[in-house]
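Take a look at the structure set out below.
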Amino acid sequence: MDFDLERMTIMGLALAAGAVVKGATGMGLPLVALPVLASVFGLQHAVGILAITQALTNSMQMWQFRAARADTRLGFLPAFLVAGGVGVVLGTWLLRTLPERVLILSLGLLLLAYFLLKVARPHLRVDEALARRAGPVAGFGSGLLQGATGISAPVGVTFIHAMGLDRAAHVYAVSVMFLVLGLVQLPSLVLSGIMQGAWVFEALLAMIPVLVFMPLGQALAGRLDRRTFDLMILIFLGLMGLKMVLGL
């Protein structure tokens, strides 16, 4: 593998920024880092690197917030995750076939639609019963996007955010989602011929800035109240949607 210091430095900075956001909100590593990595390495390469880092970081966060698994509102997760796994397989095929701009634009439009809906109807919530019924649909959409773009948040995090969970349950739910979808995505990338051996080494290097900066985000989040945390996630989703639509 050719070691390109400039590209590795850009990757490190992008992952450091994403790690701070992930530490604070339980999400945001691929949303922040993927556009940068895709512009430097290409989308398939970026998805391959982040699939590995996502599996590692979400294992850590799931364990950290494991006490929240007893929350009855998380009963939607099993069906959600099974459907998500199916979506990942199909999404990986789309990664090989659809134009990159079509995929990114679709993500951005979904995020902006949810942002505008929450601004118009701030008290809109997905209750526990609706979450169980709609969970498989949301899970499949999350997996589809994960496989096709490396980012499942426009559907998955949007769905979980709409449930109005407290921070611990929210972070646990999104960590489990990212972990399971990532574990399905990794063999899909290998079997489809997308993943390359050199990318595994790059992903392990990528974990250095992630491990350094995630605790910083967690420390910042510890000072946030529930309303501020909820608003921060909503603003983040809206900004990422705008960025994707504009192609920045």
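Read the figures in this text as sums done on the coordinates, not as results from a lab. What you see is a predicted model, and the numbers here were worked out from it, not measured in a lab. Using ideal geometry, Cβ is built from the backbone for each residue, glycine included, and neighbour counts are taken over all protein chains shown.
Taking 0.692 mPa s as the viscosity and 37 °C as the temperature, the Stokes-Einstein diffusion coefficient of segment 74-221 based on its alpha-carbon Kirkwood radius rounds to 201 µm²/s.
Counted residue by residue at 0.36 nm each, then reduced by the alpha carbon distance between them, the extension gain from V86 to E128 reaches 12.8 nm. For the chain, adding -39500 (n - 2.57) for each run of n ≥ 4 DSSP H residues and dividing by the number of residues yields -27500 deg cm²/dmol at 222 nm.
Here each label is just a point 7 Å from Cα along the line to Cβ, and for D166 and A120 those points are 3.3 nm apart.
Our compactness index for the chain, the C-alpha radius of gyration over the empirical 2.2 N^0.38 Å, is 0.93. Between A219 and W63, residue separation times 0.36 nm minus the direct Cα-Cα distance comes to 54.5 nm. Helices that extend 20 Å or more along their long axis by alpha-carbon positions and average at least 1.6 on the Kyte-Doolittle scale are, among the DSSP H runs of the chain, 100-120, 167-191, 197-221. Based on alpha-carbon atoms, the Kirkwood radius and the radius of gyration of segment 1-93 give Rg/Rh equal to 1.04.
Toward the positive end of the charge dipole of the chain, with +1 on the Cβ of Lys and Arg and -1 on the Cβ of Asp and Glu, the farthest Cα among M195, G42, A17 is that of A17. With 0.36 nm allotted per residue and the present C-alpha distance subtracted, the I208-L98 stretch has 36.4 nm of extension available.
Put a plus charge on the Cβ of each Lys and Arg, a minus charge on the Cβ of each Asp and Glu, and nothing anywhere else: the dipole of the chain about its Cα centre is then about 680 debye. For segment 13-131, the relative contact order works out to 15 percent when only alpha carbon pairs closer than 8 Å and six or more residues apart are counted.
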